[in-house]
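Trainee: Input: one structure, supplied below.
The values are calculated or read from the model by the stated rules, or taken from the named source; none is laboratory data. Model, not experiment: these values are computed from the prediction. Cβ: placed from backbone, ideal geometry, glycine included. Neighbour counts: every protein chain shown. For accessibility, only protein heavy atoms count, side chains too; no ligands or nucleic acids. Shrake-Rupley method; radii C 1.70, N 1.55, O 1.52, S 1.80 Å.
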Amino acid sequence: MHSGRPILYSYFRSSCSWRVRIALALKGIAYDVVPVNLVKDGGQQFSAEFKAVNPMQQVPALKIDGITLSQSNQGILKQMGEKNMEWAQNCIGFGFQALEQILKHTAGRYCMGDEVSMADLCLVPQVYNAERYKVDMDPYPTITRINKALLELEAFKVSHPSRQPDTPAELRA
């Protein structure tokens, strides 16, 4: 089924999966994607098939050279309506308040100067989450500027959730 290339077990909206997609794109590593739907039928990550790939039952999992690397991650939160929205906004806003202050001292074009760093791989998916949960980004001009610059880079474009094979048609860009 696969070409011998690395296999990324991923979910289009997973921030952790997105960070791995960005890193692979930055390194120019071609890979195959196996979508793992975290929502449908109680979550495909709990299937026996996926458990055989990653006993932790989490995405991302990257199978490369016969070894499977997995992401340790908090459990998937169940949707809790407005309470979940408020919780997400508060958590993201709290982190962004601190990050905005730090970035005033470290940022160049990106988080740590003018070269893409691990901080940038973490920033873009979190800003995506902020937008998804309708966080007001006006208080975070440095974060907004860096995110915009990073989204211009090809690695961030090709790895974007809207461009993944498991992205629902209504969410494709």
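Conditions tested, residue by residue: (1) part of a loop (DSSP other than H, G, I, E, B); (2) surrounded by 16 or more Cβ atoms within 10 Å (Cβ to Cβ); (3) modelled with pLDDT under 95.
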{"position": "D120", "(1), (2), (3)": "no, yes, no"}
{"position": "V135", "(1), (2), (3)": "yes, yes, no"}
{"position": "I143", "(1), (2), (3)": "no, yes, no"}
{"position": "K148", "(1), (2), (3)": "no, no, no"}
{"position": "F156", "(1), (2), (3)": "no, yes, no"}
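Trainee: Conditions: (1) modelled with pLDDT under 95; (2) open to solvent by 20 Å² or more (accessible area, probe 1.4 Å). E152 meets all but one. Number of the miss?
Mentor: Among (1) modelled with pLDDT under 95; (2) open to solvent by 20 Å² or more (accessible area, probe 1.4 Å), E152 violates only (1).
Trainee: So if I check each of P125, P165, which one is in a helix (DSSP H, G or I), under 16 Å from W18 (Cα atoms) and in contact (Cβ under 8 Å) with a residue 60 or more places away in the chain?
Mentor: P125
Trainee: Which residues, taken from the stretch 82-118, are farther than 17 Å from T144 by Cβ, in contact (Cβ under 8 Å) with a residue 12 or more places away in the chain and surrounded by fewer than 16 Cβ atoms within 10 Å (Cβ to Cβ)?
Mentor: Listed by number, the list holds a single entry, M85.
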